[in-house]
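Take a look at the structure below.
The values are calculated or read from the model by the stated rules, or taken from the named source; none is laboratory data. Quantities reported herein were computed from a predicted structural model and do not represent experimental measurements. In this analysis, Cβ positions are derived from the backbone assuming ideal geometry, glycine residues included, and neighbour counts consider all displayed protein chains. Accessible surface is based on the protein model in full, side chains and every heavy atom, while ligands, DNA and RNA are left aside. Shrake-Rupley method; radii C 1.70, N 1.55, O 1.52, S 1.80 Å.
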Amino acid sequence: MSQLVLVLDFGGQYKELIATTVRSLSVRSEIRQGDISADEVKRISPVGIILTGGPNSVNLQTSPKCDPELFNLNIPVLGICYGMQMICHMLGGEVVSADAGEYGCVLVTPSEYSGMLGVSGPFNALMSHRDSVSRLPDGFTATAYTDNCIAACQNTERRLYGVQFHPETKSTDGGREIIRRFLYDICGACGDYTLDDYIDIQVKQIRHIVGNNRALLALSGGVDSSVCAALLSKAIPGQLTCIFVDHGFMRQGEGDEIQGVFAKKNLNFIRVNAQDRFLAKIKGVTDPETKRRLIGEEFIRVFEEESAKQGDIPFLAQGTIYPDIVESGGGYGATIKSHHNVGGLPDNLSFTAIIEPLSGLFKDEVRRLGKKLGLPSKLVNRQPFPGPGLAIRIMGEVTAKKLDTIRNADAILREELDRRKNRPDQYFAVLTDTLTVGVKGDDRTYDPVVALRAVTTGDFMTCQYTPLPHRLLHRVSSRITSEISSVSRVVYDITSKPPGTVEWE
Ligand code: XMP
């Protein structure tokens, strides 16, 4: 069996990202609850331990803590954010809450002795914290600072390391290198893990679960569900029915495009036109979480009806990936938003089980898997599009008229950006519920504002807003306000994640 690094979870949004980064550096990783006993860790015998971030304050009695004996096992430990604060707090240091936290990219300056960080000059790192370490425990050295906090520390004798920032995200310059150094230089990893056997393991598991029965796949035409379709058709060819539900919240021309691609394949493809019932279901609803939940529930009802029409198919497969799960809450984590296929699922399901073979993977891993399964790169590299579609890109109540407006605005943005060689990783338009005064011809207008969003990211758990050229923004804005009569104004969103999320709802 290959060497293992344990990622202990304290509710951090990025725990899977840590696990994925470790795996992508050819070291096997597993996530376990943060309160796992030191005896159990000894039994598992990992080469290293990483403690995740989390939404709590270590100073609270009730906040999750690791077994203190973990620090005496002589296994290297890296604490990230809350993880670093926990190490310092538990070993006699001090952690304080500041009035204002640090969120987003912050300049980190290494000390003369930068230790495990291995860097000589200042670098940008993603911070997302309010508490910070104000006094280190005995035996620890600070290896980096920001203007406001100790950004990294270590105790080489006890093989304990901490970083206040998030090296696992792409927003931290050289973050991957820092993790690589921890794995190879500190833990002595030999890099004996590859993703090659992932497909074989999943195929075996799917066959074991489904047996001679049939499975219904919720196919949206996006990367995740398409890769899931490829995996399932390899595992259970002939036992699979793929349902594409057109909920009416797709982008311009998208429903027909998806049908055009998948109906040709040997997937028992069925398109269900359910535009009216979805719009009716969320009529009058303005709260984002309620919208997401109602849409998630309606999806399931459509799948149940289709399953009954096909003679009761017992298994429902979904292309759920890890960020969908983590943002929907779970463990010690906070719910950011309920992804329609996770937090949006109703309690009463008529399916025997839900199969989610991609649920431990991140977008870039899913893309690599798709390529391995032979999917065309155009499909594998598609931008993510949320399951609830344009319904969560319209602030407030969704109406047919607003859907038309946002569809047209989004199409203009995409048309202009699709012409360019260097495109952001995701871009779209949002219809806000703010009305502003404008003037068109000689008339006063009082219409909604459209917001444009374009982000640069690889993992979709964090992102930087993309600084689009002004000339392009100007062109998109003029086209939207002149070609769409019901838009008064266009603004550009320059918020990164954190603190903003990619989608507005
Ligand atoms: P957020 O808005 O959470 O988005 O920062 C991160 C990525 O996930 C996509 N997203 C979703 N995908 N169902 C999905 O399949 C959803 O409910 C959903 N909500 C957000 C979003 O477009 C971005 O790429």
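At a Förster radius of 35 Å, what calculated FRET efficiency corresponds to the Cβ-Cβ distance of ALA263 and ASN422, to the nearest 0.05?
Efficiency, from the Cβ-Cβ distance: 0.60.
Using only protein heavy atoms and a 1.4 Å probe, report how much of LYS234 is accessible, in Å² to the nearest 10.
100
Fully extended, how many nm does the chain gain between SER97 and ILE201 (0.36 nm per residue separation, minus their Cα-Cα distance)? Mind showing how you got there, number by number?
Details: separation 104, 0.36 × 104 = 37.44 nm, distance 4.52 nm.
Here the segment from SER97 to ILE201 would lengthen by 32.9 nm.
What's the carbon and sulfur percent of region 32-75's accessible surface, probe 1.4 angstrom, rounded to a whole number? Don't jump to the answer; show the numbers that get you there.
Values: 950 of 2170 Å².
Carbon and sulfur together cover 44 percent of it.
When only Cα pairs under 8 Å and 6 or more residues apart are kept, what is the percent relative contact order across region 200-346?
Here the relative contact order equals 26 percent.
Would you calculate the separation in nanometres between label points at THR156 and ALA280, each defined as 7 Å from the Cα along the Cα-to-beta-carbon direction?
According to this spin-label approximation, the distance is 7.1 nm.
If you take every DSSP beta bridge fully contained in the chain, what fraction is antiparallel? Give it as a percent rounded to 5. Write down the numbers at each step before the final one.
Working: 37 of 74 bridges.
Once the DSSP bridges in the chain are tallied, antiparallel ones form about 50 percent.
How high is the relative contact order of region 330-413? Use alpha-carbon pairs under 8 Å, at least six apart in sequence, and give a whole percent.
That works out to 22 percent.
Can you list residues from other chains, or at least 5 along the same chain, whose modelled amide H is less than 5 Å from the amide H of ALA317?
It is LEU216, LEU217, ALA218, ILE355, by chain and number.
Figure the gain on full extension for ALA400 and GLU297 (residue separation times 0.36 nm, minus the Cα-Cα span) and round it to one decimal in nm.
Details: separation 103, 0.36 × 103 = 37.08 nm, distance 2.06 nm.
Gain on stretching ALA400 to GLU297: 35.0 nm.
7 Å from Cα along Cα→Cβ at both ASN148 and THR62: what's the point-to-point distance in nm?
Roughly 2.6 nm, to one decimal.
For region 308-315, just list the computed ³J(HN,Hα) in residue order, Karplus coefficients 6.51, -1.76 and 1.60, θ = phi - 60°, integers in Hz, with x standing in for Gly and Pro.
Computed from phi, the couplings for region 308-315 are 5, 4, 8, x, 6, 7, x, 10 Hz.
Between ASP185 and ASP433, what FRET efficiency follows from the Cβ-Cβ distance if R0 is 45 Å, with the result rounded to 0.05?
0.30
Give me the extension gain from HIS474 to THR290: residue separation times 0.36 nm, minus the current Cα-Cα distance, reported in nm with one decimal.
62.7 nm
To test your reading of the geometry: what angle, between 0 and 90 degrees and rounded to tens, separates the Cα axis of helix 15-24 from the longest principal axis of the chain?
Rounded to the nearest ten degrees, it is 80.
Given the pairs LYS170/LYS378; LYS204/LYS497; LYS309/LYS401; LYS65/LYS204, which span a C-alpha to C-alpha distance of over 31 angstrom in this model?
Listed pairs above 31 Å: LYS204/LYS497; LYS309/LYS401; LYS65/LYS204.
Mean residue ellipticity at 222 nm from the helices of the chain, using -39,500 (n - 2.57) per DSSP H segment of n ≥ 4 over the full residue count, to the nearest 500 deg cm²/dmol?
When only DSSP H runs of four or more count, the value is -9000 deg cm²/dmol.
Under a plain spin-label model, where a point goes 7 Å from the Cα along Cα-to-Cβ, how far apart in nm are ASP493 and THR456?
Calculated label separation equals 1.8 nm.
Under a 1.4 Å probe, what is the accessible area of the chain per residue, stated in Å²?
Accessible area per residue: 42 Å².
What pairs from LYS291/LYS372; LYS42/LYS234; LYS291/LYS363; LYS234/LYS421; LYS265/LYS337; LYS234/LYS291 go past 30 Å between their alpha carbons?
Check vs 30 Å cut-off fails for LYS291/LYS372; LYS42/LYS234; LYS234/LYS421; LYS265/LYS337; LYS234/LYS291.
Could you tell me what percent of the accessible area of region 329-435 is made up of carbon and sulfur, with a 1.4 Å probe and every protein chain present?
Summing carbon and sulfur atoms, their accessible area is 46 percent of the total for region 329-435.
Considering only the other residues whose Cβ falls under 13 Å of the Cβ of THR481, what net charge follows from Lys and Arg at +1 and Asp and Glu at -1?
Counting the neighbours of THR481, the net charge comes to +2.
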